[in-house]
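**Student:** What follows is a structure written as structure tokens; I'll ask about it next.
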Amino acid sequence: MDKTTSGLQENVAGLLCYALFWVSGLILYLVETENRFIRFHAVQSIIVFGFLNIAAIVFGWIPWFDLVILPLIGLLVVILWIVLMVRAYQGTMYKLPVAGDLAEKWSAGKSE
């Protein structure tokens, strides 16, 4: 288990990056300055759930889209939320397409 600034076990902190969607990702990104695993999951959480949050807001303003698209976004959020929390807790750097590549690039900390 690698060193963490937050004092939490690496896999628990990884799970917590997704617990409150992009908000907990942002908090742990700001708190954790050393651990690449936690920073990766924090950045991926910010990207994925931030994008889905913005998409839900935009589609919520478009008539009829809110009846079709918002439930689909909600379902996608729940599925991603569970999968990403489980994978992080297992200690896996599970990369989603596009968001995972960006998270890997942007999560570089002082330890590199």
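The values are calculated or read from the model by the stated rules, or taken from the named source; none is laboratory data. Keep in mind it's a predicted model, so treat the numbers as computed, not measured. Cβ sites come from the backbone with ideal geometry, for glycine too, and all protein chains shown count toward neighbours.
**Student:** What number of residues in segment 65-87 are basic (Lys, Arg) and at pLDDT below 95?
**Tutor:** Qualifying residue count, segment 65-87: 0.
**Student:** Scan (1) part of a helix (DSSP H, G or I); (2) over 14 Å from ILE38 (Cα atoms) for the single condition LYS105 breaks and write down its number.
**Tutor:** Of (1) part of a helix (DSSP H, G or I); (2) over 14 Å from ILE38 (Cα atoms), only one is false for LYS105: (2).
**Student:** Here's something else I'd like to know. Are any residues in segment 28-64 polar (S, T, N, Q), at pLDDT below 95 and either surrounded by 18 or more Cβ atoms within 10 Å (Cβ to Cβ) or in contact with a helix residue (DSSP H, G or I) (Cβ under 7 Å, 6 or more places away or on another chain) (or both), and if so, which ones?
**Tutor:** ASN35
**Student:** Among the residues of segment 10-25, is there at least one that is touching a Phe, Trp or Tyr at 6+ places or on another chain (Cβ under 6 Å), of a type in the set (Asp, Glu) and in a helix (DSSP H, G or I)?
**Tutor:** The answer is yes; a qualifying residue exists.
**Student:** Right, something else. Could you tell me whether VAL83 is touching a Phe, Trp or Tyr at 6+ places or on another chain (Cβ under 7 Å) and either part of a helix (DSSP H, G or I) or under 18 Å from ALA103 (Cβ atoms) (or both)?
**Tutor:** So VAL83 does not fit the description; no.
**Student:** Also, quick follow-up: Tally the residues that are under 10 Å from the mean Cα position of the chain (by Cα) and either more than 15 Å from VAL77 (Cβ to Cβ) or of a type outside the set (Ser, Thr, Tyr) (or both), restricting the search to segment 40-61.
**Tutor:** Here the count works out to 10.
**Student:** Let me ask something additional. Residues of segment 56-112 being of a type in the set (Asp, Glu) and closer than 20 Å to ILE46 by Cβ, which ones? Give the derivation first.
**Tutor:** First pass over segment 56-112, keeping only residues of a type in the set (Asp, Glu): 66, 101, 104, 112.
Selection gives ASP101, GLU104, GLU112.
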